[in-house]
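The values are calculated or read from the model by the stated rules, or taken from the named source; none is laboratory data. What you see is a predicted model; the values in this text were computed from it and never measured. Here Cβ is always computed from backbone atoms with ideal geometry, including for glycine, and neighbour counts include all displayed protein chains.
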Amino acid sequence: MSALLPPLRDRLDRVINIPSVSSTNAELDMSNRPIIDQLAEYFESLGFSNEIVPCASPGKFNLIATLGSGPGGLVLAGHTDTVPYDDELWSADPFTVNEQDGKLLGLGITDMKGFFPIAMEAIRELGDVDLKEPLIILATADEETSMEGAKTIAEMGRPRARTALIGEPTGLKPVRTHKGILMDAIRLLGQSGHSSDPSLGRNALEGMHKVISDLMVYREEIKQQYQNPLFEIPYPTLNLGSIHGGDNPNRICGHCELQFDVRLMPGMNLDTVRADIEQRVKQIAEPLGLEFELVKKFTGVPAFFADENSALLKAAEELTGHTGISVAFGTEGPYLQELGMDTIIMGPGHIEQAHQPDEYLSLDMIQPAIDVIKQLIIRNCVKA
C-alpha cells in the first residue's frame, strides 16, 4: 500500500499548501476539514483505518487513524491548525514549501503540520512489519486557540494506548514537563458621573487599582508556594497584559477591564487559581459598590509532567542522547495523559522558529526524526 504514498517532499508541499488557520478572530478562522481529509487519504494508503471526529464547533474535526488492533500501542499526535500569518512579511509564499540555505520554509512546517508527513515516512520505511500492538495517529483541531480538538478526544475517552508522543517542535529533545496557562479578564462596572463630585459615581478605575495591587500580592504568594528548579523561570508568573477603562478625563470612570495571564506550575489547578482570583476580586469590589465579572479569554491548558517512571521518556532519552527538558509553551499533553497514556512531547524543529514569518524546518532534522519515530514504533508496537 505504501507504494501509493507520494514522496516525502511532495507530502510536505501538500500539507503546507492547504490553509488551516485557527484564530479567535472569526474573520481569520477557517475549517481544518481539508487538511484532515488529506491526511486521512495518506494514512489510508499506508493501510490505516480512519475515523473523522467532528468537534462541537462547526468546521472543526479530529482524525483518528489506526493500524493494527488490540490494547496498548503508541499514539503519534499533533495538531493540524496554524496561527494566522502576515503575508507581506514572508520572503516567499507561506503556503508553498520553499528551500533556502538548508531549510524548508512554510506556514506550519515546524508547528506542526510537517510532523505528519515525517511520521508517515517512518511508517513507510518500516515496511510490512507485524504489529503486535496498534499504531494510532491523532490529528487535532484548534490547538492554537481553544484546544477544542484535544478536549473533544478527552471527553470521548479515546483513542487509548499505552504511550503517546506529541510531535511539537522541541529540537528532538524529549519534554518531561511544561507550565500551564490561563488567560482571563476582570471587568468592573461602577457608575459614571461628573468628576467634580466623587459622590456622584463609583469609580471602576480606582477599584481596578486596588485589584491590581492585590493581584501583585497574590503573584508573590504563588511564587513562594510553587517552586520547581526544572524550569528556567522556576515559579509561576502572573502578567498584567492590558487595561482599558473610562471614556473621558472629566467623567468618573464607570467601567474598566484588565486582561492577564497566569503560567501555572505542575501541582497548580486551573479552576482553583480562577476561584482564588475571583474571591479576591469580590472582597475588593463589593465594599466599593462595584459589579464584577471574571471572563475566560482562553479556557487554559493544565501544566504537564510526564510520569515519574515513564518508559517512553526513558526510551526517548536513550534514542536521542538528551535528558528530559522543560519548556515554557503549552501542549495537548495533559489531555492525552488524562486518557491514561504515558505521554511525552518531542518533535523536529524548534519552537523559536514558529509563529513568525519565514517559519522553517532545518533539513538536517528530518532524517533523525524519522529514525527516532521508527524506533519508538518498533519498541511500542512491534516488540511490545
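Points worth noting:
- Unique residue being over 20 Å from the mean Cα position of the chain (by Cα) and surrounded by fewer than 22 Cβ atoms within 10 Å (Cβ to Cβ) when the list is SER45, SER23: SER45
- Being out of contact with any helix residue (DSSP H, G or I) (no Cβ under 9 Å at 6 or more places or on another chain), crowded, with 19+ Cβ neighbours inside 10 Å and of a type outside the set (Asp, Glu) holds for only one residue in GLY340, GLY330, and it is GLY330.
- Considering GLY267, GLY254, GLY246, GLY241, the condition of being over 15 Å from MET183 (Cβ atoms), under 23 Å from the mean Cα position of the chain (by Cα) and surrounded by 11 or more Cβ atoms within 10 Å (Cβ to Cβ) is satisfied by GLY267 alone.
- Annotation note: Cβ proximity below 9 Å between a residue of the stretch 188-214 that is outside the structural domain of LEU290 (by TED's automatic domain parsing) and a residue that is polar (S, T, N, Q) and assigned to a helix (DSSP H, G or I) (sequence gap 6+ or interchain) occurs for no pair.
- Failed item in (1) without any contact (Cβ under 8 Å) to a residue 24 or more places away in the chain; (2) in contact with a strand residue (DSSP E or B) (Cβ under 7 Å, 6 or more places away or on another chain), with PRO34 passing the rest: (2)
- The criterion of being touching a Phe, Trp or Tyr at 6+ places or on another chain (Cβ under 9 Å) and either surrounded by 15 or more Cβ atoms within 10 Å (Cβ to Cβ) or closer than 20 Å to GLU155 by Cα (or both) holds for LEU39.
- When we screen ALA92, ALA40 for residues that are more than 23 Å from ILE136 (Cα to Cα), small (Gly, Ala, Ser), assigned by TED's automatic domain parsing to the domain that holds GLY149 and touching a strand residue (DSSP E or B) at 6+ places or on another chain (Cβ under 7 Å), the only hit is ALA92.
- Within the stretch 140-180, being part of a helix (DSSP H, G or I), among the small types (Gly, Ala, Ser) and closer than 18 Å to ASP81 by Cα holds for GLY149, ALA150.
- Among the residues making up the stretch 355-384, a single one is surrounded by fewer than 17 Cβ atoms within 10 Å (Cβ to Cβ) and hydroxyl-bearing (Ser, Thr, Tyr): SER362.
Residue-by-condition table, conditions (1) assigned to a loop (DSSP other than H, G, I, E, B); (2) in contact with a helix residue (DSSP H, G or I) (Cβ under 7 Å, 6 or more places away or on another chain):
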| position | (1), (2) |
| --- | --- |
| GLU278 | no, no |
| LEU294 | no, yes |
| LYS297 | no, no |
| PRO357 | yes, yes |
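- The lone exception for ILE212 - which of (1) hydrophobic (A, V, I, L, M, F, W, C); (2) farther than 29 Å from PRO368 by Cα; (3) in contact with a strand residue (DSSP E or B) (Cβ under 6 Å, 6 or more places away or on another chain) it fails: (3)
- When GLY347, GLY340 are screened for being under 27 Å from ASP261 (Cβ atoms), part of a loop (DSSP other than H, G, I, E, B) and either in contact (Cβ under 8 Å) with a residue 24 or more places away in the chain or of a type outside the set (D, E, K, R) (or both), only GLY347 passes.
- Checked across the stretch 219-229, the condition of being among the polar types (S, T, N, Q), assigned by TED's automatic domain parsing to the domain that holds MET112 and either surrounded by 13 or more Cβ atoms within 10 Å (Cβ to Cβ) or touching an Asp or Glu at 6+ places or on another chain (Cβ under 8 Å) (or both) holds for no residue.
- Residue check, LEU12 surrounded by fewer than 13 Cβ atoms within 10 Å (Cβ to Cβ), within 17 Å of PRO117 (Cβ to Cβ), touching a residue at least 12 places away in the same chain (Cβ under 8 Å) and not basic (Lys, Arg): no
- Where GLU125 falls short, out of the listed (1) touching a strand residue (DSSP E or B) at 6+ places or on another chain (Cβ under 9 Å); (2) outside any loop (DSSP other than H, G, I, E, B): (1)
- Failed item, numbered, when ALA328 is tested on (1) under 28 Å from ARG158 (Cα atoms); (2) of a type in the set (A, V, I, L, M, F, W, C); (3) modelled with pLDDT of 95 or more: (3)
- Scanning the stretch 334-373 for residues that are within 30 Å of GLU155 (Cα to Cα) and of a type in the set (D, E, K, R) turns up GLU338, ASP342.
- Scanning the stretch 300-325 for residues that are among the polar types (S, T, N, Q) and either assigned to a loop (DSSP other than H, G, I, E, B) or not assigned by TED's automatic domain parsing to the domain that holds GLU143 (or both) gives ASN309, SER310, THR323.
- Selected residue (only one of ALA316, ALA384 is under 23 Å from the mean Cα position of the chain (by Cα) and over 22 Å from ASP271 (Cβ atoms)): ALA316
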